[in-house]
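Before any comments, here is the structure.
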Amino acid sequence: MSDTSKTVKDDSAGTEGVVKGQKTVAPADDPTAAPVTVVDPRLLIREEGLKGYLTEFKRKIKGGELGSLPVFVGLIVIWTIFQLQNDRFLSAGNLSDISYFLSATGMLAIGLVFVLLLGEIDLSVGSVSGLASTVFAVFVVTHGMNSWLALILTIITGIGIGALHGWFFAKIGVPAFVVTLAGFLGWNGLMLWLLGSSGTINIPDDKGPVQLLGQGSFFMDQAIVGAYILAGLGVASMAVGSFGEQRRRRAAGVPYRPTSEILLRVGALAVASFVAAAVLNNARGVSNALVIFLACLVIVDFVLRRTPYGRKVFAVGGGIEAARRAGINVPLIRITVFGISGMFAAIGGMFFAGQTASATLNAGGGNTLMLAIAAAVIGGTSLFGGRGSVWSALLGMLVIQSIQNGLDLLNMNTSIQYMITGAVLLGAVVIDSVSRKSQKAAGRA
C-alpha cells in the first residue's frame, strides 16, 4: 500500500478529466481508504474561468496580498480630484511634464528598491546624486574631458561609493542607517567643496548626456513615430515573454496561463501604451529621460525576477540565516546591492543635471531623498524586506509627481505638498503593515 498511496497522473494516463498537476493521495487519517484526487488550486482557478479568478482575488485580499491595487486606486482618486479642481490636469502638456520630471527621482527610487528588499535603508542617495552631477561638471567643464567618458567615470564613482557603504555594513557590521547617514553628510560636504564659492557649475547643453536628458523627445523630429514604436515594442515584448513562459511551463507540466488570459493582458497593455503615446504626442512626444527610465525598469525587473542574483536578493531579504544556510554569500549580496543603489543615484544625478544644465548646491538636496524613499514604499515595496518590485518606483513616482503637479496647478503652498505627500507615505506604510499581519494570520508570510 505504501508504494501506491501517492501517484501522479498526467495527460497520457488516458483517464477522463485528469490534467497535469493532478495527483491522487491516500487520506492521511486512513491509509487504507480509497485514494482521492487532489488538483493544483491554480489549475482549478483557470478551469473555473471568471468565477475562479474572482475567488482567487477575494482570497488574496483576505490574505493581505494587495499587490499594486492600493496604488492604482490612489492614482484614480488623485487624478479625479485634481481634474475636477482644474481641467488642465489631464491635459497633454501637464501629463507630459509629469512623465518627464518623475524620471530623475525615479532613478534614485530604483536603487532604493534593491536596498529595501534587504530590509535596509540608504540615506545617502540624494547626496550621491548631487555629487555625481558635480563630478561630471568638473570633469567636462573644468578639465575639458569628453562628456561620454566623464559620464562613465561618474557612474563608476557612484558604484564605488555605494559599494563602500555596503562594505562597512556587511563586513564591519556598522548599521546601514548610520553608514549611509554619514555618507549623506560627507558626500554633501565633498560636493560643496568641489563647487567652490560660486556654488554652481553651468554645463553647456550641447554636451551629449546633458543634451540627451534635457527636454528633447525620443527620435527628436520623429517623436510621434518614436512614441508609437516604443508602445509597439513594449506590447511585443510582453507577448513574446508571456507566450514563451507559457510554452516552458507547459513543457514542464506545471500550471501556466491560458492563451485567453495572455491575450487579455497584452490587449490591456496595448490600449494603455498607445493611449499614453497618443496623449504625449499632443505635447512634446516621449522624452528621452522617460525612455531611459522605462528601459532601466525593464532591465532591472528582468534581473530581479529572472536571474539567480535577483532570487538571492529576495532570499537575503526574506531571511538572512536561511539564505546563509542555503549557501548564499550574504556579505557579497549586501555590498553589491548598495553598489547598485549608488549607481542609480549617480544616474539620477545626471538626470537632474540634464534638467537644469548645471550642477548646483541644490542638486540632490531638499526633499529629494525623502521623495525617492516615499516613491519606492508608496509603489508597494515593503519596508520589512523580501517583498517588492522595481515597478513600484514608477508607480510611486506617478503618485508623488501627480500630487506635486496638481497642487502647483492649484497654486498651493509647498508646505501643503509636503503634508499631503507625508500622509500618503504614512498610508502606504500602514497598508504594508496591515497586509503583513493579514498574511501571517493566513499563514502566507
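What is the sum of charges, Lys and Arg at +1 and Asp and Glu at -1, for the other residues whose Cβ falls under 12 Å from the Cβ of residue 355? So the surrounding residues net to -2. Here, the range 288-445 is characterised by an Rg to Rh ratio of 1.01, where Rg is the alpha-carbon radius of gyration and Rh the Kirkwood radius.
Highest-first packing order for the peptide set 165-174, 332-341 is 332-341, 165-174, based on the mean count of other beta carbon atoms within 10 Å.
Which FRET efficiency, nearest 0.05, do residue 250 and residue 433 yield, Cβ-Cβ r, R0 35 Å?
Details: r = 39 Å, r/R0 = 1.11.
That gives a FRET efficiency of 0.35.
If I stretch the segment between residue 408 and residue 87 completely, what's the gain in nm (0.36 nm per residue apart, minus their alpha carbon distance), one decimal?
On the way: separation 321, 0.36 × 321 = 115.56 nm, distance 1.33 nm.
The residue 408-residue 87 span can extend by a further 114.2 nm.
Using only Cα atoms, figure out Rg for the range 194-317 and give it as a multiple of 2.2 N^0.38 Å. The partial results should precede the final answer.
On the way: Rg = 19.9 Å, N = 124, 2.2 N^0.38 = 13.7 Å.
Against the empirical 2.2 N^0.38 Å value, I get 1.45 for the range 194-317.
Computed extension gain for residue 423 through residue 303, at 0.36 nm per residue and net of the alpha carbon distance, reaches 40.0 nm. Using a Förster distance of 35 angstrom, determine the FRET efficiency expected from the C-beta separation of residue 185 and residue 263, and round it to 0.05. Working from the Cβ atoms, E equals 0.05.
In percent, rounded to a whole number, the relative contact order of the range 97-247 is 26, using alpha-carbon pairs under 8 Å and six or more apart.
Each peptide in 146-155, 317-326 gets a packing score, the mean of other Cβ atoms within 10 Å over its residues, and the list from highest to lowest is 146-155, 317-326. Among 282-289, 413-420, sorting by the average number of other beta carbon atoms lying within 10 angstrom of each residue, highest first, gives 282-289, 413-420.
Modelled this way, with points 7 Å down the Cα-to-C-beta line, the labels at residue 321 and residue 80 are 4.7 nm from one another.
Restricting things to Cα coordinates, could you compute the convex hull volume per residue of the range 223-281 in Å³?
Working: hull volume 3.1 nm³, N = 59.
About 53 Å³ per residue, rounded to a whole number.
Where a number appears in this text, it was derived from the coordinates with a stated rule and is not lab data. The structure presented is a predicted model; accordingly, all values stated were derived computationally and were not measured. Ideal geometry is used to build each Cβ from the backbone, glycine not excepted, and the neighbour counts take in all protein chains shown.
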